[in-house]
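Engineer: Just dropping this structure here.
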Amino acid sequence: LPVLLIGETGTGKDLIAQSIHNASSPTNRFFYTLHCHSSDSLLIEQLIKDLDDNESYTLFCDRIDLLAIPLQKKLLATLSKPVNGHRQFIASIGDDPVELIASGTLLKDLYYFFSSIAIRIPPLRERRSDIMPFISTYLVQRRERHNLELIELSPEVEKLFLDYEWPGNMRELELLLDEITSHAMEETSITYEMLPLHFRIKIDDSSDESMAAEDFS
């Protein structure tokens, strides 16, 4: 059945699509991603040329709500054609589908095509319990690949990370860790001093806003 992933930018919809592909039975041979960040009329035509009717594959249409409506209709017509091989179709959208349809951003029929199974991915600020396990896994992978010594966050940084709103979700967290670890030498713990200046400024601004709101209330 087609699958629809619903979530803000950076919540990891692409990783979930890849996981669905890896767990499919029988396993599809190929995984293709269609980045729907354009209204180029050749986008769907190129997709038709690239996909072999006899192949078994997973097609992930990333952010179908960013396609122009005529291209959404063309995509729907393409995906609705009879095929020979095994197919898994997955799509993602960045907002509530009802609101997208009401605003004319998402084609209702395309939503119905993908919504056999709909999975909502909460933003990181609503699942803060995922932050530390993600960081732990990230640091293990970095140690194995780059022989780094980092194994943990200092208590101060851990509290800052758990209190921060993460508007960019998992992607923002991962990019921040990339920046921190790229400058790490022999440190074993990520301290406040290792945080990039731009992130420290954002944290300070967030703290000031929170204090102002508390004072106002």
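The values are calculated or read from the model by the stated rules, or taken from the named source; none is laboratory data. In this text the structure is predicted, and so the values were computed from the model without any measurement. Note: ideal-geometry Cβ built from the backbone for every residue, glycine included; neighbour counts use all protein chains shown. Surface areas here come from the heavy atoms of the whole protein model, side chains and all, with no ligands, DNA or RNA. Shrake-Rupley method; radii C 1.70, N 1.55, O 1.52, S 1.80 Å.
Engineer: Can you tell me which residue within the stretch 196-205, out of those that are over 19 Å from His146 (Cβ atoms) and in contact with a helix residue (DSSP H, G or I) (Cβ under 7 Å, 6 or more places away or on another chain), is modelled with the highest pLDDT?
Structural biologist: Checking each candidate, the answer is Phe199.
Engineer: Let me ask something else. Restricting attention to the stretch 33-91, and to residues there that are polar (S, T, N, Q) and touching a strand residue (DSSP E or B) at 6+ places or on another chain (Cβ under 6 Å), which single residue is surrounded by the most Cβ atoms within 10 Å (Cβ to Cβ)?
Structural biologist: Thr58
Engineer: Additional query: So the check is Cβ under 7 Å with 6+ separation or different chains; which pairs have a first residue in the stretch 160-187 that's open to solvent by 10 Å² or more (accessible area, probe 1.4 Å) and a second one that's among the charged types (D, E, K, R) and part of a helix (DSSP H, G or I)?
Structural biologist: What qualifies is Leu162/Arg128; Glu165/Arg125.
Engineer: Among (1) out of contact with any strand residue (DSSP E or B) (no Cβ under 8 Å at 6 or more places or on another chain); (2) surrounded by 14 or more Cβ atoms within 10 Å (Cβ to Cβ), there is one condition Ala118 misses while meeting the rest; what is its number?
Structural biologist: So the condition that Ala118 fails would be (1).
Engineer: Are any residues in the stretch 34-81 part of a strand (DSSP E or B), under 26 Å from Ser103 (Cα atoms) and not aliphatic (A, V, I, L, M), and if so, which ones?
Structural biologist: Within the stretch 34-81, His35, Phe60, Cys61, Asp62 meet the criteria.
Engineer: Condition check: farther than 18 Å from Ser115 by Cα, buried (at least 16 other Cβ atoms within 10 Å of the Cβ), at pLDDT below 90 and not small (Gly, Ala, Ser). Does Asn28 satisfy that?
Structural biologist: Spelling it out, Asn28 is indeed farther than 18 Å from Ser115 by Cα, buried (at least 16 other Cβ atoms within 10 Å of the Cβ), at pLDDT below 90 and not small (Gly, Ala, Ser).
Engineer: Looking only at the stretch 6-39, which residues are in contact with a helix residue (DSSP H, G or I) (Cβ under 8 Å, 6 or more places away or on another chain) and acidic (Asp, Glu)?
Structural biologist: Glu8 - this is the single residue of the stretch 6-39 that is in contact with a helix residue (DSSP H, G or I) (Cβ under 8 Å, 6 or more places away or on another chain) and acidic (Asp, Glu).
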